[in-house]
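> Sharing a structure here in structure tokens format.
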Amino acid sequence: MRHAAWRLRASRLVLTLVLAAGCKRAPQEAPPAAPEAASAVHADSVIEYRNTALGFGVTLPRSWRGFSVRDSSWSGDSSGVTVAKGRKVVVVHPDATAEHPRQGIPILVFTTEQWNRLRADAWHIGAAPI
């Protein structure tokens with residue numbers, strides 16, 4: 001039962017990130033990392049990161065002024081075998097350093113087919129094996 005509750009929380013987090021990134025039809029494999037148009041809109045109390053290529057934005061507190069964005073990747077596993085891969089965009093706090101790391105904001109990008117297969121429990125994403 002505890003495992004099911006953890007999976008439900010993890011699924012909700014992934015769903016939130018996908019909804020934030022926008023879900024649009026794409027090919028089976030997520031697009032390769034490429035330079036894209038991104039901008040930071042500064043207001044008095046918040047900063048917004050906008051990724052126009054992927055069609056999403058993230059509102060950040062003022063303390064994130066000077067943030068950076070790192071392109072990475074995710075992989076989905078089934079029985080210890082990687083069965084899906086995709087793009088991950090990480091918004092990095094401006095004070096993060098190797099000596100004093102800070103948790104960034106990972107945003108996983110899925111194709112519609114990948115998302116449907118993940119929801120059907122065909123494979124999983126996570127730090128802990130299932």
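> Report yes if LEU15 is of a type in the set (A, V, I, L, M) and modelled with pLDDT of 90 or more, otherwise no. Write out each step before concluding.
Details: of a type in the set (A, V, I, L, M): yes; modelled with pLDDT of 90 or more: no.
For LEU15, the condition - of a type in the set (A, V, I, L, M) and modelled with pLDDT of 90 or more - is not met.
> Does SER75 meet the test of being over 18 Å from the mean Cα position of the chain (by Cα) and modelled with pLDDT under 95? Give the steps one after another, and end with the answer.
Details: over 18 Å from the mean Cα position of the chain (by Cα): no; modelled with pLDDT under 95: yes.
Considered against the rule, which asks whether it is over 18 Å from the mean Cα position of the chain (by Cα) and modelled with pLDDT under 95, SER75 comes out as no.
> When residues of region 54-87 are filtered for being within 14 Å of ILE107 (Cα to Cα) and in a loop (DSSP other than H, G, I, E, B), how many remain?
Total meeting the criteria: 2.
> Related question: May I ask you to list the residues in region 20-58 that are of a type in the set (Val, Ile, Thr), modelled with pLDDT of 90 or more and loosely packed, with under 13 Cβ neighbours inside 10 Å?
Matches in region 20-58: THR52 only.
> Return a yes/no flag: does region 97-104 have any residue that is surrounded by 11 or more Cβ atoms within 10 Å (Cβ to Cβ), touching a strand residue (DSSP E or B) at 6+ places or on another chain (Cβ under 6 Å) and either modelled with pLDDT under 90 or outside any loop (DSSP other than H, G, I, E, B) (or both).
For region 97-104, residues surrounded by 11 or more Cβ atoms within 10 Å (Cβ to Cβ), touching a strand residue (DSSP E or B) at 6+ places or on another chain (Cβ under 6 Å) and either modelled with pLDDT under 90 or outside any loop (DSSP other than H, G, I, E, B) (or both): absent.
> I want to confirm something. Restricting to region 70-95 and keeping residues that are surrounded by 15 or more Cβ atoms within 10 Å (Cβ to Cβ) and out of contact with any Gly (no Cβ under 7 Å at 6 or more places or on another chain), which single residue is farthest from ILE125 (Cα to Cα)?
Looking at residues that are surrounded by 15 or more Cβ atoms within 10 Å (Cβ to Cβ) and out of contact with any Gly (no Cβ under 7 Å at 6 or more places or on another chain), I get VAL89.
> With the structure loaded, tell me whether GLY126 is at pLDDT below 95, in contact with a strand residue (DSSP E or B) (Cβ under 6 Å, 6 or more places away or on another chain) and either surrounded by 14 or more Cβ atoms within 10 Å (Cβ to Cβ) or of a type outside the set (A, V, I, L, M, F, W, C) (or both) or whether it fails that test. So that I can check it myself, show each step before the final result.
Numbers: at pLDDT below 95: yes; in contact with a strand residue (DSSP E or B) (Cβ under 6 Å, 6 or more places away or on another chain): no; either surrounded by 14 or more Cβ atoms within 10 Å (Cβ to Cβ) or of a type outside the set (A, V, I, L, M, F, W, C) (or both): yes.
Answer is no for this residue.
> Scanning region 105-118 for residues that are crowded, with 18+ Cβ neighbours inside 10 Å and among the aliphatic types (A, V, I, L, M), which turns out farthest from SER68 (Cα to Cα)?
Only one residue tops the list, namely LEU118.
The values are calculated or read from the model by the stated rules, or taken from the named source; none is laboratory data. Computed from a predicted structure; not experimentally measured. Cβ coordinates were reconstructed from backbone atoms using ideal geometry, including for glycine residues, and neighbour counts include every protein chain displayed.
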